[in-house]
Amino acid sequence: MSKAAVEEPKAKRKQALPPWINFLNAGLSGMAATCVVHPMDVIKNRMQMQKGKVSIWSLIGTIYSKEGVAKFYSGLTAGLVRQATYTTVRLGIYNQMQDFWRQRRVSSPSFGVLALMAGTAGATGAFVGTPADVALVRMTTDGRLPIVNVPETIALHFYASMVSGFLTTFNSMPFDITKTRIQNMKSTSKTPGTIAVMMSIAKTEGIGSLWKGFWPTYCRIGPHTVLTLVINEQLMHFLRELYER
């Protein structure tokens, strides 16, 4: 009898979930999170269209009193379609990679090339477009980015998401408000370029206007990622238990 036949594996190899489950779970997680935070997106767009200064609370009061609660969910269908396509792909690929390296860790626990690659699963998730906080959470829990010394819990997901959400919002806001202004311009023979519009906003309204709608955007990005990750992780845990029985 061969040596391989005599030796028993140190750990039972766990079965991978079917790919369609990983992608379906990703899309549903993103769509569920969007249903919660969508009103912040509406408020952000309204603020960016205002030429002067406007407070979040006064804008919320105006929308509520003049247009009703339903207006806070205007465009929700488009948001859900975006999650059904965009997040299904990006988080679905991430789920697949996590599942793949999870199996390799069990079958080859030694610290070799595969172990090193497994440790970079979070960075792989960031590469395919998963939110930056996914990589931050993974790197933190792997001990390679010791921001906080806590286990991977909802609290850590919240912390990582809010930190990366702040940085993402700050860096992207000038381009976001420029996009919003261009999309709402009246039809002309020639649409001005992104840089030209951005410079015009800074010149006529002040450079601070490039970050108009920062707080509602931040309050959308951070919680959206927290909810997406938490729902995704809980569903994956539940489905793995069912599949591996």
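The values are calculated or read from the model by the stated rules, or taken from the named source; none is laboratory data. Remember, predicted model here, so these are calculated numbers, not experimental data. For neighbour counting, all protein chains shown are included, and Cβ atoms are generated from backbone atoms with ideal geometry for every residue, glycine included. Remember, those area values only see protein heavy atoms, side chains included, never the ligands or the DNA or RNA. Shrake-Rupley method; radii C 1.70, N 1.55, O 1.52, S 1.80 Å.
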- Please find, within the stretch 13-22, the residue that is modelled with the highest pLDDT out of those that are touching a helix residue (DSSP H, G or I) at 6+ places or on another chain (Cβ under 7 Å) and open to solvent by 60 Å² or more (accessible area, probe 1.4 Å). PRO19
- Note on the structure: Residues of the stretch 203-217 being at pLDDT 85 or above and either closer than 30 Å to ALA33 by Cα or open to solvent by 30 Å² or more (accessible area, probe 1.4 Å) (or both), in sequence order, are LYS203, THR204, GLU205, ILE207, GLY208, SER209, LEU210, TRP211, LYS212, PHE214, TRP215, PRO216
- Enumerate the pairs (first residue in the stretch 42-60 and under 16 Å from ILE201 (Cα atoms) and open to solvent by less than 20 Å² (accessible area, probe 1.4 Å); second residue anywhere and among the basic types (Lys, Arg) and modelled with pLDDT of 80 or more) with beta-carbon separation below 6 Å, excluding pairs fewer than 6 apart on the same chain, so at least 6 apart or on different chains. MET47/LYS212; GLN48/LYS212
- Message: Let me spell it out: the conditions are (1) over 30 Å from MET97 (Cβ atoms); (2) touching a residue at least 40 places away in the same chain (Cβ under 8 Å); (3) part of a helix (DSSP H, G or I), and ILE63 meets all of them except one. Which number is the exception?
- Response: (2)
